[in-house]
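Report on the following structure.
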Amino acid sequence: MADNFRRYFFVSRYSLYTELILGCLQIELGIICSVGIWTLSEAKLQAAQAHQTWKSPSELTERLTKFRRQEESTLKMPPYRLKPPILMAAPENFNPDLQLPPVLPKPPQNSSPLPPALPEPPQNSSPPTTSTEPRKPDAVLESIYTDYRYDTDNFGQTNLFFEPKIQFRLNNGNKIFIKTGFNFFEQRGVESVTNFPLQVGWQGKIGQVTLQTAAGVDVFNRLPTAINLNAKVEVPISRPRVSSSGQLLSAVMLSGNLEQGPYKSNARTLDNQITAWRFGPDLYWQIDRNTSLFSSLRLGSYNDGNAEVQSFSRLERKFGQFSLAANLFNWSFNRNLERTSGYFSPLDFLVYNAEVAWEGDISNFLRCRLAANLGQQRLQGEFDNAYTYQTRCTVKLSPNIETDLGYSFSNVRNQDTGGSAYGGNSLTGQLRVKF
């Protein structure tokens with residue numbers, strides 16, 4: 001029995017030692033595995049953070065390329081501004097000097113922009129804080145332009161245009177505008193016509209191509225409502241070059257235009273419900289800092305079956321505050337329907353003249369332009385003198401408000417008066433409020 005007790009005690013002691021040794025091994029293995037897993041997880045976390053912070057060389061190159069493209073795109077602004085579509089055709093409507101001087105792009109502040117600094121790795125892995133900046137509105141009021149024009153002649157015709165335009169800028173840089181107003185047409189032998197236009201438009205860019213579209217309705221006091229629309233596509237043929245002082249040195253711009261709507265020539269044309277489609281290209285070429293060429297071609301189709309072709313070209317050279325220009329205008333219709341439809345539709349009408357102008361600052365808030373031209377006009381094979389003189393002044397009321405007021409007189413015909421002399425007066429202007 002004593003031997004059995006010793007054998008049992010030996011086996012029990014051996015089993016106890018074995019369990020102790022195995023338990024220690026299990027604890028050590030657990031510690032080693034835990035340390036290994038923690039080490040691996042820390043390494044993976046640091047690798048992931050480093051991957052999120054430090055971009056690959058290809059991604060950094062792509063960022064630098066996008067940055068340079070954004071810097072270069074700020075220099076590619078349109079070097080001139082053309083008038084919006086005008087359905088009332090006449091030689092003076094195609095004169096670019098009846099509008100504002102071109103808005104020149106600003107020169108670059110640094111000719112070689114530095115690339116953005118590489119981001120530094122984060123000091124800690126704490127989650128980013130939530131931004132408290134207010135959300136930008138989807139559309140911001142940019143400007144309100146109000147155009148006004150009052151035309152009269154010595155044959156009892158009166159046209160009045162008053163059209164404000166409200167423009168908004170969207171977050172993506174595109175623009176939308178709403179145009180409305182009040183127009184009045186009066187003529188001998190015809191009941192006067194009142195017009196309330198309404199148009200909504202959009203302007204944006206796709207690469208270097210500028211697109212503009214607009215559509216609306218014309219409501220009349222005693223005539224049916226008519227639809228109007230226009231579209232314009234403008235493409236730079238060559239990259240504009242700008243001097244260090246901000247003066248435009250060279251540029252070539254080509255645009256395509258499409259217009260449709262009531263022919264707002266006079267009360268008789270509206271009374272006959274004449275509408276017209278017009279389309280054609282415009283070309284603007286800034287040859288050098290003082291020389292420019294503008295050329296326009298329009299093809300028209302009328303709902304009374306008539307068709308037209310009209311072209312205008314202007315070559316201008318500046319000498320300080322003075323300028324010399326040569327203008328050429330040609331207009332022809334398939335049929336002369338002035339007696340039945342009411343609008344001037346010559347089979348062959350040609351006007352050419354030379355112009356002398358001065359433009360300068362009278363004071364720090366007043367800038368004026370004076371111009372006069374003399375030439376010839378040909379109607380039905382007969383030549384006659386053609387002359388025009390005009391003036392326009394711009395008054396800067398505040399940094400964000402300015403207005404234009406202009407007056408012109410011309411004997412260039414916009415109707416067939418037979419052997420009687422023609423004289424037309426125009427009072428034009430624009431009020432601009434920028435926000």
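Show me the trypsin sites (Lys or Arg not before Pro) within the stretch 197-280 that DSSP assigns to loop and that have at most 15 other Cβ atoms within 10 Å of their Cβ. Intermediate results must be reported in sequence, preceding the final value.
Working: sites: Lys205, Arg222, Lys232, Arg241, Lys264, Arg268, Arg278; in loops: Arg222, Lys264.
Here the sparse-neighbourhood loop sites are Arg222.
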> Quick one: accessible area per residue over the stretch 124-279, 1.4 Å probe, rounded to a whole number of Å²?
Replying inline: 53 Å²
> Given a Förster radius of 22 Å and the C-beta distance between Val140 and Val200 as r, what FRET efficiency does 1/(1 + (r/R0)^6) yield to the nearest 0.05?
Replying inline: 0.80
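If I take every Cα pair under 8 Å that is 6 or more residues apart in the stretch 308-435, average their sequence separation and divide by the length, what percent do I get for the relative contact order?
That works out to 16 percent.
Express the carbon and sulfur contribution to the solvent-accessible surface of the stretch 205-276 as a percent, rounded to the nearest whole number, probe 1.4 angstrom. Provide the component values of the computation, followed by the final result.
Values: 1850 of 3160 Å².
Ligands and nucleic acids excluded, carbon and sulfur reach 59 percent.
As a quick test, which of the pairs Lys179/Lys434; Lys205/Lys396; Lys396/Lys434; Lys165/Lys264 have an alpha carbon distance above 24 angstrom in this structure? Show your work: numbers first, answer last.
On the way: Lys179/Lys434 16 Å; Lys205/Lys396 30 Å; Lys396/Lys434 12 Å; Lys165/Lys264 19 Å.
Those over the limit are Lys205/Lys396.
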>> Test of understanding: what is the full-extension gain from Ala372 to Asp288, defined as 0.36 nm times their sequence separation minus their Cα-Cα distance?
In response: 27.8 nm
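Order of 244-254, 406-416, 298-308 by packing, highest average Cβ count within 10 Å first? Don't skip to the end; give the middle numbers.
Details: 244-254: 15.0, 406-416: 18.5, 298-308: 16.5.
Packing order, densest peptide first, comes out as 406-416, 298-308, 244-254.
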> the stretch 358-435 to the stretch 216-242: how many Å between their Cα centroids?
Replying inline: 23 Å
> Once the other residues with Cβ under 15 Å from the Cβ of Arg268 are scored (Lys, Arg +1; Asp, Glu -1), what is the net sum?
Replying inline: -4
> Can you give the accessible area of Lys318 in Å² (nearest 10), computed on protein heavy atoms with a 1.4 Å probe?
Replying inline: 90 Å²
> Along the stretch 222-239, what does the Karplus equation 6.51 cos²θ - 1.76 cosθ + 1.60 (θ = phi - 60°) give for ³J(HN,Hα), rounded to whole Hz, x for Gly and Pro?
Replying inline: 9, 10, x, 5, 10, 8, 10, 7, 7, 8, 8, 10, 10, 10, x, 7, 9, 6
> Which percent of Cα-Cα pairs in the stretch 135-227 sits in each 5 Å bin, short to long?
Replying inline: 3, 12, 17, 18, 16, 12, 9, 7, 4, 2, 1, 0
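Just flag the GluC sites (Glu not before Pro) in the stretch 326-435 sitting in loop per DSSP whose Cβ has no more than 15 other Cβ atoms within 10 Å. Numbers along the way, then the final one.
Values: sites: Glu338, Glu355, Glu359, Glu382, Glu402; in loops: none.
Sites meeting the loop and neighbour criteria: none at all.
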> Say each of Leu258 and Leu405 gets a label point 7 Å from the Cα, pointing the same way as Cα to Cβ; how far apart are those two points in nm?
Replying inline: 4.1 nm
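Mean projection of the alpha-carbon convex hull of the stretch 214-259 over all orientations, in nm²?
On the way: hull surface 20.9 nm².
The number I arrive at for the stretch 214-259 is 5.2 nm².
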>> Suppose each label sits 7 Å from its Cα in the direction of the beta carbon; what would the Ile237-Ser398 distance come out to in nanometres?
In response: 4.3 nm
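Under the Kirkwood approximation for Rh and a Cα-based Rg, what ratio Rg/Rh is obtained for the stretch 322-372?
Working: Rg = 18.1 Å, Rh = 14.1 Å.
Radius of gyration relative to Kirkwood radius: 1.29.
The values are calculated or read from the model by the stated rules, or taken from the named source; none is laboratory data. What you are looking at is a predicted structure, and each value in this text was computed from that prediction instead of being measured. Cβ sites come from the backbone with ideal geometry, for glycine too, and all protein chains shown count toward neighbours. Ligands, DNA and RNA are stripped out before the accessible areas are found, and what is left, the full protein with its side chains, is counted by its heavy atoms. Shrake-Rupley method; radii C 1.70, N 1.55, O 1.52, S 1.80 Å.
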